[in-house]
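The values are calculated or read from the model by the stated rules, or taken from the named source; none is laboratory data. The shown structure was predicted, so the numbers you read here are calculated from the model rather than taken from an experiment. Using ideal geometry, Cβ is built from the backbone for each residue, glycine included, and neighbour counts are taken over all protein chains shown. Accessible surface is based on the protein model in full, side chains and every heavy atom, while ligands, DNA and RNA are left aside. Shrake-Rupley method; radii C 1.70, N 1.55, O 1.52, S 1.80 Å.
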Amino acid sequence: MKLSLKNILISPFVFLVRFYQVAISPYTPSACRYSPTCSQYTLEALKKHGLFKGGWLAVKRIASCNPWGGSGYDPVP
């Protein structure tokens, strides 16, 4: 990963998601209705689209991950 402004901006958020994946997620029941999981989707969206658009996509995805939302395969656009 080359050092750029985009990478500098997203790095704290990538760290938080990775922390969740390693320290929290293994101890909670699997509840994500999508593939890839919401945390993996967030990482991909941040890396592909940057902090603002990727963050917005992640928020929308997490908000729709509920019993009344969608499910199934939903890749990062």
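Pair-distance distribution of the chain: all C-alpha pairs, bin width 5 Å, starting at 0; shares per bin in whole percent are 3, 16, 25, 24, 19, 9, 3, 1, 0.
Evaluating 6.51 cos²θ - 1.76 cosθ + 1.60 at θ = phi - 60° for every residue in the range 49-66, the Karplus couplings come out as 10, x, 5, 7, 5, x, x, 5, 4, 5, 4, 4, 5, 5, 5, 8, 8, 8 Hz, glycine and proline recorded as x.
Add +1 for every Lys or Arg and -1 for every Asp or Glu among the other residues with Cβ under 13 Å from the Cβ of residue 75, and state the total. Charge balance near residue 75 sits at 0. Of the peptides 39-50, 3-14, the order by per-residue mean of other Cβ atoms within 10 Å, starting with the highest, comes out as 39-50, 3-14.
Nearest 20 debye, what's the magnitude of the dipole of the chain about its Cα centre given +1 on Lys and Arg Cβ and -1 on Asp and Glu Cβ?
240 debye
Note on residue 24 and residue 66: with the Förster distance fixed at 22 Å, the Cβ-Cβ geometry gives a FRET efficiency of about 0.75. If you take all other residues with their beta carbon under 14 Å from the beta carbon of residue 42, and give Lys and Arg +1 and Asp and Glu -1, the sum is +4. For residue 34, nonlocal amide neighbours, meaning residues 5 or more places apart or on other chains whose placed amide H falls under 5 Å from its own, are 72. Summed over the residues of the chain and divided among them, the accessible surface reaches 70 Å² per residue at a probe radius of 1.4 Å. Per-residue ellipticity at 222 nm computed for the chain from its helices equals -19000 deg cm²/dmol, with DSSP H segments shorter than 4 residues left out and the rest contributing -39,500 (n - 2.57).
State the percentage of accessible surface on the chain attributable to carbon and sulfur atoms; use a 1.4 Å probe and exclude ligands, DNA and RNA. For the chain, the apolar C and S fraction of the accessible surface comes to 68 percent.
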